[in-house]
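To start, the structure under review is shown below, and the notes come after it.
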Amino acid sequence: MSRRITLDEFIIQSELRQPNSTGEFSGLLRHIGIAAKIVNRIVNKAGLMDILGLDGNVNSTGDVVQKLDTYTNELMIEYLRNSGLCAGVASEELEEYISFPVNRLKLNKYIVVMDPLDGSSNIDVNISVGTIFGVYERKTLDNSYAQMSDFLQSGSALVASGYVLYGTSTMFVFTTGSGVNGFTYDRGIGEFCLSHSQMKMPDDGPYYSVNQAYYNQFSDGVKQFISYCVEQNKMLRYIGSMVADVHRTLCLGGVFLYPGTRKNPEGKLRMLYECNPLSMIVEQAGGMSVSEQKERILEKEINSLHQRSSVIIGSRKLVQKACDLL
Ligand code: P6P
């Protein structure tokens, strides 16, 4: 009887193909998978556990924080700390990064960057949200504790990135640099099972995704690109949850863009834990991801944990057309 392999089996099989693997990287990915299952349970029960609604705090980037954001952030940090395989975490929900206690047996060489619950403004109305993560190797292994420079690395240095999309079904999509694979959560066995092997971004697509409310604030080049999309009969789809909008773009083709606006001239989305991890996924699937200044997102210099950027990400043909017009 053929069955779909689980995320754990896939990660272990990938590790066995790496000649000098120590199992740390695989173990870290598997712990992220475990945390994702617990977040999935919480997100699916949110309405019943009285953890919806605003908890009145404002996070490090000024977004009003939902209770579920806080809960998810704390849970992810706990699992990453307890894995004993991670040296530290930077999160949208934390002003500063956290360094974990040094494991006396080995110096953990990985750090994680994450948006624990992207799209949180959609939580109370039952629209898809997601967890976005990226994994780097530390640059400061001579130091017991992770340093700021370990987190301020460009996206091209990512050794893994991925997201968990809590939607009509829950999917775990990730890459370690050898293509993109998607796993769908099977509640019956409590495992993520391979459902989308070697995902490929179509070169074109039927959708464009932008918050048209800001149209009058966009640059002339962006306005021309939006007009091009309309002339090409592209349909507008915008969920207000980057991870969901990018996932649809990955599956069906199209383009997602968040250009500079008056409130956020550099763009709203955060480089470290939104733009870079999703750009690695999209490029690994054959797509393209640039800023409004036509810089490759993965090559942008990172100067601060919560650095923002404009982003145009999706099918190669459409992103290239945007670059021609910008
Ligand atoms: P706007 C969610 O808060 C988020 O960070 C992204 O997930 C999403 O794409 C964007 O902000 C939505 O921003 O300004 O359109 O509401």
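The values are calculated or read from the model by the stated rules, or taken from the named source; none is laboratory data. All values reported here derive from a predicted model rather than from experimental measurement. Neighbour counts run over all protein chains shown; Cβ positions are idealised from the backbone, glycine included. The area values use the complete protein model at the heavy-atom level, side chains included, leaving out ligands, DNA and RNA. Shrake-Rupley method; radii C 1.70, N 1.55, O 1.52, S 1.80 Å.
Worth pointing out:
- Any strands (runs of 3 or more DSSP E) falling wholly within region 216-326 and containing at least 3 residues that are in contact (Cβ under 8 Å) with a residue 40 or more places away in the chain and not assigned by TED's automatic domain parsing to the domain that holds Leu117: 255-258, 311-314
- Lone qualifier among Val230, Val282 - being open to solvent by 10 Å² or more (accessible area, probe 1.4 Å), away from the ligand (no atom under 12 Å from the Cβ) and of a type in the set (Val, Ile, Thr): Val230
- Selection status of Tyr163, assigned to a loop (DSSP other than H, G, I, E, B), touching a strand residue (DSSP E or B) at 6+ places or on another chain (Cβ under 6 Å) and among the hydroxyl-bearing types (Ser, Thr, Tyr): no
- Check on Glu266, open to solvent by less than 10 Å² (accessible area, probe 1.4 Å), of a type outside the set (S, T, N, Q) and either closer than 19 Å to Asp115 by Cβ or at pLDDT below 95 (or both): no
Residue by residue, here is whether (1) open to solvent by 30 Å² or more (accessible area, probe 1.4 Å); (2) under 30 Å from Pro265 (Cα atoms); (3) away from the ligand (no atom under 16 Å from the Cβ) holds:
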| residue | (1), (2), (3) |
| --- | --- |
| Gly182 | no, no, yes |
| Gly188 | yes, no, yes |
| Leu194 | yes, no, yes |
| Lys200 | yes, no, yes |
| Asp203 | yes, yes, yes |
| Val210 | no, yes, no |
| Ser219 | yes, yes, yes |
